[in-house]
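First up is the structure itself, then whatever we jot down about it.
The values are calculated or read from the model by the stated rules, or taken from the named source; none is laboratory data. Keep in mind that this is a model prediction, so the values were computed, not measured. Cβ sites come from the backbone with ideal geometry, for glycine too, and all protein chains shown count toward neighbours.
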There are 2 protein chains.
Amino acid sequence: MGWIVEEAGFDPERVTTNGNKFMLGNGAIGYRGTLEEFTKDQLTACTFAGLYDKVGDQWREPINAPNGLSTRFIVDGEQLSLFSSEYESHHQSLNIENATFQRSTVYVASGDNRITVKSQRFVSMKHLDLILMRVQFHSSEDCEVTVQTGIDGDVWDINGPHLENYESLKRDGVIGLSAVTHELHKTVCVAEGIVWEENQFPENDVRGADTIYRSIPISCKAGTTYSFVKYVAVISGEQGDSPMESALSSVKAAMNTSYEYQLDRHELLWKRRWELTDVVIEGDKEAQFALRYSIYQLQIIAPTHSERVSIPARGLSGQVYKGAVFWDTEMFMLPFFLYTQPDIARNLVMYRVHTLEGARRKAAEYGYRGAYYAWESQDSGDDACTLFNITDVFTNRPMRTYFRDKQVHISADAAYGIWQYYEFTGDETVLLDGGAEVILECARFYYSYSYYKEEKRRYEVLDVTGPDEYHERVNNNAFTNALVKMTLEMALKCLDILKMNHRKAYDALIERLDFAEDQHNLSRMLQGLYMPQPDPLTSVIEQFDGYMRLEDVDQKTLKSRILNKNEYLGGGNGLATTTQILKQADVVLMLHLFKNLYSQEVKKANWEYYEPRTEHGSSLSSCIYALVASDIGYADWAYRYFMRTATIDLTGESKQYVGTLYIGGTHPAANGGAWMAVILGFAGIHMDQGRVCLNPSLPGGWDSITFAIQIKGQRFRLSINDIEASIHSEIGNHSAQAFVIGTEERTLEPGNGLSSRYIGKERGDGLVG
Amino acid sequence: MGWIVEEAGFDPERVTTNGNKFMLGNGAIGYRGTLEEFTKDQLTACTFAGLYDKVGDQWREPINAPNGLSTRFIVDGEQLSLFSSEYESHHQSLNIENATFQRSTVYVASGDNRITVKSQRFVSMKHLDLILMRVQFHSSEDCEVTVQTGIDGDVWDINGPHLENYESLKRDGVIGLSAVTHELHKTVCVAEGIVWEENQFPENDVRGADTIYRSIPISCKAGTTYSFVKYVAVISGEQGDSPMESALSSVKAAMNTSYEYQLDRHELLWKRRWELTDVVIEGDKEAQFALRYSIYQLQIIAPTHSERVSIPARGLSGQVYKGAVFWDTEMFMLPFFLYTQPDIARNLVMYRVHTLEGARRKAAEYGYRGAYYAWESQDSGDDACTLFNITDVFTNRPMRTYFRDKQVHISADAAYGIWQYYEFTGDETVLLDGGAEVILECARFYYSYSYYKEEKRRYEVLDVTGPDEYHERVNNNAFTNALVKMTLEMALKCLDILKMNHRKAYDALIERLDFAEDQHNLSRMLQGLYMPQPDPLTSVIEQFDGYMRLEDVDQKTLKSRILNKNEYLGGGNGLATTTQILKQADVVLMLHLFKNLYSQEVKKANWEYYEPRTEHGSSLSSCIYALVASDIGYADWAYRYFMRTATIDLTGESKQYVGTLYIGGTHPAANGGAWMAVILGFAGIHMDQGRVCLNPSLPGGWDSITFAIQIKGQRFRLSINDIEASIHSEIGNHSAQAFVIGTEERTLEPGNGLSSRYIGKERGDGLVG
């Protein structure tokens, strides 16, 4: 363990999940953890961030680039393969500290000849178009080996084929394969050069319709190691660009350095990233590893290079979920970046600024004003979510779902991200650069969406789907109403800030958006918006109007009614739809987001009510139960839910199908949730009016946690053990920062440290037997 | 034909539909058209009006009384049966003029012995608890016949057993069987006496757990006719009553008269009913018969005796649809009674007064004020409609439907019935006797139900199901909004009338209902209520918000997607739900109800748009298409839809299953629709501010129609031929009445007649090929 994910032996059943588990990436491209001899049949994929394609009526989804790492060995006329060849051992590992993937396989060829193949690869964090792989092999006996290495353009597509008009070339020893996307005619290029480390070998070119390979026959001497490095560039370009030229020169430039040189640069950047983000847990190696692995997964998909892409719900692990960006980013991943790498956080939130026009189009399409963000957002911000998003397993017919139409909280999520970034960093430019416009347009959308109930003198938010997607089209979902209220507040605060600090921009914005009347509308609506309250007797907040009247069935009974293991529990005739069973944290998520607004009693009552009724059909659920469990002192429950969240991509035990739809891949929201469970949960950190509050409650067995955070451009190093929290303000910081440890408020000057004993939460473990 | 429904031969496949087709009844009890030797296996039923029972969690439904007509013949030790015995001929008929049922069967017994069994029966219109049957038989050879006749308490129950604690008795030759209902412990009694017409025969009593029979062995002489009359009384009573005593004395009293005497009294009443209701069509015997048959069906189920029962959607033809009263009564049957027998109409509308408390409970249950009438109403007015009203054929699981929750137009329908009665009769007592309260409470319910859309400055009616049940939970259904508006108007007019004419009652009502503020609310809402308008380009009125964006598929394509012939096309995953295919007239029904508010152009455009998209999955649909087709001059279409409506219970070709649910039975709404199609459609009669307007358009081939109507207590006789309408005001009428024939207004004094040539509608037959 430590920093290494490893697996010995080869299990064909694990090829798919290992593709996720051993992933590499740099935010611009992701490369699945498959072996270099694998093809699309093993779901090999080199996935672009932010590049999408649509074929016919099929789903629009990201493009997988041709595989520039493709390499196979032919010994005595037979291709070595873990599926069909005899092998003595196989071992593969991922080093999450420096983001390298290694494999080592010993095949048994004819006679007793052991052929050992090793490789190491990394997706450069320095040059975002570069992937490097070093391949080494030797045999125990003299033999004839043919190495075939090149670019495989026969890529894995779910709703493709996305690439057409393939062209291959070879120039100065560098090979290239280009293709054009079906919908937008963008060019996708992969160039590859190889450098043998000891000898040179003559090679033959082998070209297919969508492949270009070098075929290199070698008379191997027993015991001699042969090795070469592949330098691969993966680039896309608009019509009229010359991406192939860029790819070729990128490869050539890299070839003029060395594998070690590039790896050094790569490792250096990873070292810096870990300095910013690592969380050291003393006393629980398993938790330590799972958390680091979660952070690793977030780092390989974080866009450092662009504010026009955000993080898809399945990261860069392929085309699942259409490569679309959901609310997952703002609500489950953003806190990690906000506290550790606000520059990346800015990219993520600015993505919503760049997709505002799509959100306006969606609002208008449904007859509303303002901005209704895409439930499944891609490059343009238009909604990739289809109206029939699930297939009914009983009839094999498309099922009408309301994810796209009714999950209106997405606009609040988008606005919240921007606001959170502003609050954490104090960076008003994000508001001036379009963030304010997004927030105002989202608030306007909610005014346009909601209704006034005259009889009750209140505004209501009707016909929505909250986080619990098993209950579509409900009225006054407590979570959604709370987020609508928050959006109204943010919009009004935002206007105040602009008016105070940027009067010209304020005037221009109000005029351009014709917002004067809506400003009054928002104020009035904020006063009158209905917020479901805790029941006076039970303290439970009803998830939506009428929830409590649904069948209160236990999960075991519900599951006994299932007729097909892949049947969708929500939707028109779903088994959960008519019951109180919920897919994921809904009211409880609200209690996390607005933790200061609710008493411990209310939080406990709701956690206890909803927890047994939650099916956790979403990977977004467990971390929220962990967070609120921490908050209310249910430490054992918090730990259990944290571990479930933190290990999801290590065990691969998540839901793989909904209806007939494959939904496997990585789970960045759960990865972000794991980080939140530790920092916001166990360390109990939250921001309150500019002060950093700590309310720690470490799991039993944990000696300490140590980590760094950034607040308004200043860095702090925190270490928390069972009784004491220590904080150090970095010497480069510019001003004093207030901290509240437990109930004690302290101010910390730059370069100084403080320690404070805290009183742990009263432990009550609720339902734990 | 003429007045006789007949069928020769015996087809076991037609036993169920013949049970409907040959029905007898008198509004208090219905007796299915089965043969006297039949049992529950052939769906024999003697169904009470207004008496319901519920067992466990099953559906509450009407009670079938023990069968007092049960009679079987045993010849040479074998029971004669059309299913198993050899027979030479079988013939059965229903005379709709005097409401008698006849059968005649010639069985072939051992050797060449022909046994002829004949019977005639009627359900007395004079004594509503009485059923009489005369049985005659003879044989062609001497033989031993045992007649078994008595009371069969082993009744057909869909969701029973409803009867328990059976007791039988025999007193003074009269036998009786009583039982107690499961839920409310009401007593159900059947008494029976027989009188032989020539000889007396000794009899043995045969009693079973739920049966009591007389067994009468007879040595039959060849060629001698033996005959007896059964006098049967069917009575129910509350706990503590002595219904058995009533039943016994009812039978005895009848036995002291004769079959002929009772038949005379019965026929006399039927003659009177036909005088009031017959429509004579010259030139089209088929239409003449179908219309008379429809009127017959309405007469046998009309409650002349009570204002606490109304007409169930399947009449008194059994337990189908829970014996519940739907909107069918007010919207499809009431016009017939209003124009012909306003005393019965009063009973029907007063039923809503007596069930107001149930409607208040339903409104409160859903969090609204006012009266939300039951979608499926029984004795108490509580809703018998279940939340899971259909079974999914693919999973055999109950399917959540929203008939009960969302078909809010039912309250307007109930209020409309009362108001219509008031307008037709001028009888203000119906308002004072509770009708006004119903109308006010329904209007209040709509205010409580609706929302204000501030942005659009209008009230909207959200989340409803209109007549087209394939589209549940829609917003601003044009039909529903129109009915809500009408209800607001009725409520305000009603208040004006009471204030003007009955000031004390007005003050008391306003105070009792605490209605002062709501009176203002209703006025304001009436001003601001959103009414979907015809599209400026197409003149089509969108059925509900977003309807036009649904898939515009043709019916053939839709039906090609059907996987199971009984699958429900509506509901969560229904095939029609996501398309523009509608179950039944919806916008077009609105155009009928408010025909004066829409231009011919709008009516034509909507009829043409919706007609090809209407699946007519409800028997309420065709008559409305006939009516509007008449209105717009599409005479051929009108005739086609009229005949479809008028023959539904003659052909038995209606939908028999929805999901796994049997929905067969009679179709009184279609029967009422057939009458409407002729009188309101072809004759083009409607009321406009106290004037009777005629706008005739007879189908091709019809020479004339002649009929009577009653308006405000005055009777008029109308005769319309191709060019002229003649009207006669009865001599007993009290005042002048205004008529408008075409565009000509005429006033008719009591005892006088008038004739007026009219200009027929311009004929355009739209889509007819």
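Against the condition under 30 Å from B:TYR447 (Cα atoms) and within 14 Å of chain A (Cβ to nearest Cβ), how does B:ASP405 come out, does it pass? Break it down into steps so the answer makes sense when it comes.
On the way: under 30 Å from B:TYR447 (Cα atoms): yes; within 14 Å of chain A (Cβ to nearest Cβ): yes.
Here the answer is yes, as B:ASP405 does meet what is asked.
Give the residue that is nearest to A:ILE235 (Cα to Cα), with candidates limited to residues of segment A:114-155 that are of a type outside the set (Asp, Glu) and assigned to a loop (DSSP other than H, G, I, E, B).
The selected residue is A:LEU128.
Looking at segment B:591-613 only, could you name the residues that are out of contact with any Leu (no Cβ under 8 Å at 6 or more places or on another chain) and surrounded by 24 or more Cβ atoms within 10 Å (Cβ to Cβ)?
Once the filter is applied, which keeps residues that are out of contact with any Leu (no Cβ under 8 Å at 6 or more places or on another chain) and surrounded by 24 or more Cβ atoms within 10 Å (Cβ to Cβ), segment B:591-613 yields only B:LEU591.
With the requirement that a residue be small (Gly, Ala, Ser), touching a Phe, Trp or Tyr at 6+ places or on another chain (Cβ under 7 Å) and within 14 Å of A:ILE648 (Cβ to Cβ), what does segment A:296-317 give you?
A:ALA313
Which residue, of B:SER560, B:SER523, B:SER539, is out of contact with any Cys (no Cβ under 7 Å at 6 or more places or on another chain) and at positive phi? Step through it out loud before you land on a result.
Details: B:SER560 fails: at positive phi; B:SER523 fails: at positive phi.
The conditions single out B:SER539.
How many residues are more than 12 Å from every other protein chain (Cβ to nearest Cβ) and more than 36 Å from the chain's Cα centre (by Cα) when one looks only at segment B:515-526?
Count: 1.
Give the residues of segment A:265-322 that are part of a helix (DSSP H, G or I), among the small types (Gly, Ala, Ser) and more than 15 Å from the chain's Cα centre (by Cα), sorted by residue number.
First, pick out the residues of segment A:265-322 that are part of a helix (DSSP H, G or I): A:265-277, A:285-299, A:320-322.
From the residues that got through so far, the ones that are among the small types (Gly, Ala, Ser) too are A:287, A:290, A:294.
Within segment A:265-322, A:ALA287, A:ALA290 meet the criteria.
Take A:TYR449 and decide whether it is more than 13 Å from chain B (Cβ to nearest Cβ), hydroxyl-bearing (Ser, Thr, Tyr) and in contact with a Phe, Trp or Tyr (Cβ under 6 Å, 6 or more places away or on another chain).
Details: more than 13 Å from chain B (Cβ to nearest Cβ): no; hydroxyl-bearing (Ser, Thr, Tyr): yes; in contact with a Phe, Trp or Tyr (Cβ under 6 Å, 6 or more places away or on another chain): yes.
For A:TYR449, the condition - more than 13 Å from chain B (Cβ to nearest Cβ), hydroxyl-bearing (Ser, Thr, Tyr) and in contact with a Phe, Trp or Tyr (Cβ under 6 Å, 6 or more places away or on another chain) - is not met.
Right, A:HIS616: away from every other protein chain (no Cβ under 14 Å), in a helix (DSSP H, G or I) and closer than 23 Å to A:LEU291 by Cβ or not?
In short, no.
Test of understanding: among B:THR211, B:THR277, which residue is closer than 30 Å to B:PRO668 by Cβ and surrounded by 14 or more Cβ atoms within 10 Å (Cβ to Cβ)?
On the way: B:THR211 fails: closer than 30 Å to B:PRO668 by Cβ.
Sole residue among the options that is closer than 30 Å to B:PRO668 by Cβ and surrounded by 14 or more Cβ atoms within 10 Å (Cβ to Cβ): B:THR277.
Could you look through segment B:531-560, keep only residues that are away from chain A (no Cβ under 12 Å) and either in contact with a Lys or Arg (Cβ under 6 Å, 6 or more places away or on another chain) or of a type in the set (Lys, Arg) (or both), and pick out the one that is surrounded by the most Cβ atoms within 10 Å (Cβ to Cβ)?
Among them, the one singled out is B:LYS559.
From A:VAL251, A:VAL229, which residue is part of a strand (DSSP E or B) and either aliphatic (A, V, I, L, M) or at pLDDT below 95 (or both)?
Working: A:VAL251 fails: part of a strand (DSSP E or B).
Matching residue, one of A:VAL251, A:VAL229: A:VAL229.
What's the number of the only condition in (1) within 22 Å of A:GLN527 (Cβ to Cβ); (2) crowded, with 24+ Cβ neighbours inside 10 Å that A:PRO467 fails to meet?
(1)
Can you report the number of residues in segment A:363-388 which are crowded, with 20+ Cβ neighbours inside 10 Å and away from chain B (no Cβ under 14 Å)?
13
Filter the helices (runs of 4 or more DSSP H) completely within segment A:326-383 down to those with at least 1 residues that are more than 30 Å from B:LEU550 (Cβ to Cβ).
The qualifying helices (runs of 4 or more DSSP H) are A:334-340, A:342-354.
Given the conditions (1) surrounded by fewer than 18 Cβ atoms within 10 Å (Cβ to Cβ); (2) more than 14 Å from chain A (Cβ to nearest Cβ); (3) not small (Gly, Ala, Ser), report the number of the one that B:LEU563 does not fulfil.
(2)
Is one or more of the residues making up segment B:272-281 modelled with pLDDT of 95 or more, among the acidic types (Asp, Glu), farther than 16 Å from B:GLU97 by Cα and touching a helix residue (DSSP H, G or I) at 6+ places or on another chain (Cβ under 9 Å)? Spell out how you get there, then give the answer.
Taking segment B:272-281 first, the residues modelled with pLDDT of 95 or more are B:272-281.
Cutting the leftovers down to among the acidic types (Asp, Glu) gives us B:275, B:278.
Filter once more, so that each one left must be farther than 16 Å from B:GLU97 by Cα: none.
No; the residues of segment B:272-281 include none that is modelled with pLDDT of 95 or more, among the acidic types (Asp, Glu), farther than 16 Å from B:GLU97 by Cα and touching a helix residue (DSSP H, G or I) at 6+ places or on another chain (Cβ under 9 Å).
Please give the strands (runs of 3 or more DSSP E) falling wholly within segment B:1-87 in which 2 or more residues are among the hydroxyl-bearing types (Ser, Thr, Tyr), in contact with a strand residue (DSSP E or B) (Cβ under 9 Å, 6 or more places away or on another chain) and surrounded by 22 or more Cβ atoms within 10 Å (Cβ to Cβ).
Hits in segment B:1-87: B:46-53.
Looking for whichever is among the hydrophobic types (A, V, I, L, M, F, W, C) and under 22 Å from A:GLU423 (Cβ atoms) here; the options are A:ILE663, A:ILE711. Which one fits? Before the answer, list the steps.
Details: A:ILE663 fails: under 22 Å from A:GLU423 (Cβ atoms).
Residue meeting the stated conditions: A:ILE711.
In segment A:481-513, which residue that is more than 31 Å from the chain's Cα centre (by Cα) and of a type in the set (D, E, K, R) is surrounded by the most Cβ atoms within 10 Å (Cβ to Cβ)? Full working, then the answer.
Going through segment A:481-513, the residues more than 31 Å from the chain's Cα centre (by Cα) turn out to be A:495-513.
Now narrow it down to the ones that are of a type in the set (D, E, K, R): A:496, A:499, A:503-504, A:507, A:511-512.
Values: A:ASP496: 11, A:LYS499: 14, A:ARG503: 10, A:LYS504: 8, A:ASP507: 12, A:GLU511: 10, A:ARG512: 9.
Restricting to residues being more than 31 Å from the chain's Cα centre (by Cα) and of a type in the set (D, E, K, R), the top hit is A:LYS499.
On the given criteria, is A:THR391 within 14 Å of chain B (Cβ to nearest Cβ) and in contact with a strand residue (DSSP E or B) (Cβ under 9 Å, 6 or more places away or on another chain)? Walk me through it before giving the result.
Details: within 14 Å of chain B (Cβ to nearest Cβ): yes; in contact with a strand residue (DSSP E or B) (Cβ under 9 Å, 6 or more places away or on another chain): yes.
When the stated conditions are applied, A:THR391 passes them.
For B:ARG717, work out the one condition from (1) surrounded by fewer than 19 Cβ atoms within 10 Å (Cβ to Cβ); (2) assigned to a loop (DSSP other than H, G, I, E, B); (3) not polar (S, T, N, Q) it doesn't fulfil.
Condition not satisfied by B:ARG717: (2).
Please work out which residue is surrounded by the most Cβ atoms within 10 Å (Cβ to Cβ), limiting yourself to segment B:299-339 and to residues that are among the charged types (D, E, K, R) and in contact with a strand residue (DSSP E or B) (Cβ under 8 Å, 6 or more places away or on another chain).
Residues of segment B:299-339 that are among the charged types (D, E, K, R), as a first pass: B:307-308, B:314, B:322, B:328, B:330.
Applying the additional criterion that residues be in contact with a strand residue (DSSP E or B) (Cβ under 8 Å, 6 or more places away or on another chain) yields B:308, B:322.
Numbers: B:ARG308: 15, B:LYS322: 25.
Across segment B:299-339, the extreme among qualifying residues is B:LYS322.
Which of the residues spanning segment A:245-261 are more than 30 Å from the chain's Cα centre (by Cα) and of a type in the set (A, V, I, L, M)?
Those that are more than 30 Å from the chain's Cα centre (by Cα) and of a type in the set (A, V, I, L, M): A:LEU248, A:ALA253, A:MET255.
Scan segment A:747-769 residue by residue and report those that are among the charged types (D, E, K, R) and modelled with pLDDT of 95 or more.
Start the filter on segment A:747-769 by keeping residues that are among the charged types (D, E, K, R), which leaves A:749, A:757, A:761-763, A:765.
A:GLU749, the sole residue that qualifies.
Could you tell me which numbered condition B:ASN477 fails, if it satisfies all but one of (1) more than 11 Å from every other protein chain (Cβ to nearest Cβ); (2) under 32 Å from the mean Cα position of the chain (by Cα); (3) surrounded by fewer than 18 Cβ atoms within 10 Å (Cβ to Cβ)?
All conditions pass for B:ASN477, except number (3).
Could you grab me the full set of residues in segment B:239-295 that are touching a Phe, Trp or Tyr at 6+ places or on another chain (Cβ under 9 Å), farther than 24 Å from B:ARG715 by Cα and charged (D, E, K, R)?
Matches in segment B:239-295: B:LYS252, B:ASP284.
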